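Down below is the structure, laid out as structure tokens.
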Amino acid sequence: MSNISETHIPGSIAIIMDGNGRWAQRRGLPRNMGHREGCKTVEQIIEDCARLGVGYLTVYAFSTENWRRSEDEVSGLMQLFRYYAGRLLVRARDNNVRVRMIGDRSRFPRDIIEAINKLESETRDNTGMTFVMAANYGGRDEIRRAAMDFAEDVKAGKLEASELTEETFSGYLDTAGIPDPDLLIRTSGELRLSNFLMWQCAYSEIVITDVLWPDFNKDVLLKCIEEFNGRKRRFGGV
Ligand code: FPP
């Protein structure tokens, strides 16, 4: 295993947690059992990242496209959000973690919106890692909503359209104030961005692991970080 003391820990990590369904199918279990195991992995990885000194951990929990899954799977995921909102609050308190949600929460059932609001407000003053949960999130939808808000501000005379810089626009995104991911990890071997943090990942290093999300753990995370450490980041320069 890598020597952690020599490992440079990325400040901002994002994860596309893929493979829950396959994990369950391989065991002859319903897909929702895979999501249940996936939630346990989320809990553990939050703690691991907080202890490793990661500043920001962003996970893709539910995309704007995931509503198209079967009614059974969507309602199973909603049940998991309900159950884990309470558990995450305890984990966040224990690990001094601040929780933020990105995505359009308005489409969720009222009790889930309230649970998310509570998670954010009760952890706001924590000073350790920030855990960002992307739920009903889509990169294009986020950019569309940001563009609408910007247009409203121009209409209200708050600023001129010509004044828009990349920094100003970033401030309209759900991720305002959250550093762009240094490292983007995708599990289960797929080579797609799937509408995740499209603006923010412009210069992120992407590491793909074949491990399915329920099997992801600290050792796999450290291997991904090791691969990240071997990359030369040029940000478009030479
Ligand atoms: C992708 O696996 C996973 C999802 C669409 C959902 C991920 C959600 C969780 C792990 C729950 C997160 C919960 C909290 C509380 C943060 P897939 O179903 O697409 O897998 P497959 O590609 O093998 O079918």
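Set Lys and Arg Cβ to +1 and Asp and Glu Cβ to -1, take the dipole of the chain about its Cα centre, and tell me which of Val220, Asn96, Ala202 lies farthest positive. Comparing the listed Cα positions along the dipole, Val220 ranks first.
Within the listed set Met78, Met17, Met129, the Gaussian network model of the chain (springs between alpha-carbon atoms below 10 Å) gives the highest mean-square fluctuation for Met78. Largest mean-square fluctuation among Thr175, Thr58, Thr165, in a Gaussian network model of the chain whose springs join Cα atoms under 10 Å apart, belongs to Thr165. When the chain is treated as a GNM with alpha-carbon contacts under 10 Å, the residue of Pro30, Pro109, Pro214 showing the greatest mean-square fluctuation is Pro109.
From the alpha carbon centroid of region 61-117 to that of region 165-189 is 20 Å. Rounded, prolate or oblate, given the Cα gyration tensor of region 123-162, with a/c below 1.5 counting as rounded? In terms of gyration-tensor shape, oblate. Within the straight-line cut-off of under 25 Å between alpha carbons, the lysines reachable from Lys223 are Lys40, Lys232, sequence neighbours fewer than 8 places apart in one chain being disregarded. In this structure region 105-238 gives 54 Å² per residue of accessible area when probed at 1.4 Å with all protein chains present. Here region 171-238 has 50 percent of its accessible surface on carbon and sulfur atoms, given a 1.4 Å probe and all protein chains in place. Summarising the label geometry, the points placed 7 Å from Cα in the beta-carbon direction at Glu167 and Lys218 lie 3.9 nm from one another. Summing charges over neighbours of Pro10, with a neighbour being any other residue whose Cβ is under 13 Å away from its Cβ, gives -3 when K and R count +1 and D and E count -1. In region 27-120 the Cα-Cα distances spread across 10 Å bins starting at 0 as 14, 48, 31, 7 percent of all pairs. Helices in the chain, meaning DSSP H runs of at least 4 residues, each add -39500 (n - 2.57). Divided by all residues, the mean residue ellipticity at 222 nm is -14000 deg cm²/dmol. The Stokes-Einstein estimate for region 93-238, based on a Kirkwood radius over Cα pairs and taken at 10 °C with 1.306 mPa s viscosity, is a diffusion coefficient of 90 µm²/s.
Average the reciprocal distances over every distinct pair of alpha-carbons in region 171-238, invert the result, and give the Kirkwood radius in Å.
Kirkwood hydrodynamic radius for region 171-238: 13.3 Å.
The values are calculated or read from the model by the stated rules, or taken from the named source; none is laboratory data. As the structure is a computational prediction, the values presented were derived from the model and not from experiment. Cβ: placed from backbone, ideal geometry, glycine included. Neighbour counts: every protein chain shown. Heads up: the accessible areas ignore ligands, DNA and RNA and are worked out on the full protein's heavy atoms, side chains in. Shrake-Rupley method; radii C 1.70, N 1.55, O 1.52, S 1.80 Å.
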